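> Supplied in structure tokens, the structure appears directly below.
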Amino acid sequence: MTSLREGGRRRSAQDATYRFLKQRIAELPRDGGTFLTESEVAQEAGTSRTPVREALLRLEAEGFLEIVPKKGAFVPPISDAEVRAVMEARELVEHWCLCRVVPAGEDFLGELDRLVGRQRELIDDPVGFIDCDRAFHRAIVRRAGNPVLAEFYEGLRDRQVRMGLRAVRTGNDRAARVLAEHTAIVDTLRSGDPAKAGEALSAHLASTMAALRLEEQS
């Protein structure tokens, strides 16, 4: 039987490898597919193949890659058109959900404040920062109370996380701008004005689009 200590070490190795691999994927060019092998990643990460295998399975479940038998893990390309389509769908879903949560209660506003505070603590940790970014937007979508939309939204965000990681890692002060934009969304929710909340959200998503170096088409 595996002891609690051994189980903890295994989980720690898997989490560390997962974070390493997630950041490695974020650095890949987005305009071409790439194959990664367990042995290659294990060598780069300085670990055994077991936590690599577990991390790959986890990332496959999140939509970052596809495990191809006897070949490795395939990280698919992401086109400008795909990201633009995802961002447009995100705005439709998030705007509707945002309007549904106005007026927002203090418990929910406190939850959003805590997530922004947590993001501020993670400003130098791109993986943690983007995970918290996703939690912030997820909280708004789930608060609207439509489980079908919430499930659809999760699928929209899966592959965009890779682009968000790249933007935070390479963009000048992108993380600081995200914090300011999230704070503005919370402030407008606190004011109780759905129109201002919608404007703050639209401004944030437009800023995200610009950070991904995509030109919006009229």
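The values are calculated or read from the model by the stated rules, or taken from the named source; none is laboratory data. None of these values were measured; they are calculated from a predicted model. Glycine also receives a Cβ, built like all others from the backbone with ideal geometry; neighbour counts cover every protein chain displayed. To get the accessible areas, we keep the full protein, side chains included, count just its heavy atoms, and leave off ligands, DNA and RNA. Shrake-Rupley method; radii C 1.70, N 1.55, O 1.52, S 1.80 Å.
> Which is at pLDDT below 90 and closer than 17 Å to R30 by Cβ, of D80, D131, D125?
On the way: D131 fails: closer than 17 Å to R30 by Cβ; D125 fails: closer than 17 Å to R30 by Cβ.
None of the other options fit; the residue is D80.
> List the number of the failed condition for R143; all other conditions in (1) farther than 23 Å from R177 by Cβ; (2) open to solvent by less than 60 Å² (accessible area, probe 1.4 Å); (3) touching a residue at least 40 places away in the same chain (Cβ under 8 Å) hold.
Among (1) farther than 23 Å from R177 by Cβ; (2) open to solvent by less than 60 Å² (accessible area, probe 1.4 Å); (3) touching a residue at least 40 places away in the same chain (Cβ under 8 Å), R143 violates only (2).
> Consider A180 carefully, then state whether it is modelled with pLDDT of 95 or more and closer than 17 Å to I130 by Cβ. Before you say what the answer is, go through the steps one by one.
Details: modelled with pLDDT of 95 or more: yes; closer than 17 Å to I130 by Cβ: yes.
When the stated conditions are applied, A180 passes them.
> Pairs, please: C-beta under 8 Å, at least 6 apart or cross-chain, first residue over 11 Å from Q14 (Cβ atoms) and in region 48-61, second aromatic (F, W, Y) and surrounded by 14 or more Cβ atoms within 10 Å (Cβ to Cβ)?
So the pair list comes out as L59/Y18.
> For P103, all conditions in the list (1) surrounded by 15 or more Cβ atoms within 10 Å (Cβ to Cβ); (2) out of contact with any strand residue (DSSP E or B) (no Cβ under 7 Å at 6 or more places or on another chain) hold save one; what is the number of the exception?
Answer for P103: the failing condition is (1).
> While we're looking at this one, here's another question. Of V41, V75, which residue is closer than 15 Å to M163 by Cβ and open to solvent by less than 50 Å² (accessible area, probe 1.4 Å)?
The match here is V75.
> Here's another thing I want to ask about it. Look through region 22-43, keep the residues that are of a type in the set (A, V, I, L, M) and outside any helix (DSSP H, G or I), and return whichever of them is nearest to G128 (Cα to Cα).
Filtering region 22-43 for residues of a type in the set (A, V, I, L, M) gives 25-26, 28, 36, 41-42.
Still in the running and outside any helix (DSSP H, G or I): 28, 36.
Values: L28: 19, L36: 23 Å.
Among those that are of a type in the set (A, V, I, L, M) and outside any helix (DSSP H, G or I), it is L28.
> Spot the failing condition for F136; the list is (1) within 16 Å of M209 (Cβ to Cβ); (2) within 16 Å of the chain's Cα centre (by Cα), and only one is missed.
The failed condition is (1).
> Right, another one. Which ones in region 78-100 are of a type in the set (K, R) and crowded, with 19+ Cβ neighbours inside 10 Å? Quick ask: steps written out before the conclusion?
Going residue by residue through region 78-100, those that are of a type in the set (K, R) are 84, 90, 100.
The one that is of a type in the set (K, R) and crowded, with 19+ Cβ neighbours inside 10 Å: R90.
> Okay, moving on. Just for region 44-71: of the residues that are outside any helix (DSSP H, G or I) and hydroxyl-bearing (S, T, Y), which one is least open to solvent (accessible area, probe 1.4 Å)? Walk me through how you get there before you give the answer.
Step one: of region 44-71, the residues outside any helix (DSSP H, G or I) are 46-48, 62-71.
Checking the rest, the ones that are also hydroxyl-bearing (S, T, Y) come to 47-48.
On the way: T47: 44, S48: 63 Å².
The selected residue is T47.
> Just to verify a result, which residue in region 10-38, among those that are of a type in the set (A, V, I, L, M), under 25 Å from D124 (Cα atoms) and open to solvent by less than 40 Å² (accessible area, probe 1.4 Å), is modelled with the highest pLDDT?
Just the residues of region 10-38 that are of a type in the set (A, V, I, L, M), to begin with: 13, 16, 21, 25-26, 28, 36.
Those still in the list that are under 25 Å from D124 (Cα atoms) too: 13, 16, 21, 25-26, 28.
Pick out the ones that are also open to solvent by less than 40 Å² (accessible area, probe 1.4 Å) and you get 13, 21, 25-26, 28.
Details: A13: 81, L21: 89, I25: 81, A26: 72, L28: 76.
My answer is L21.
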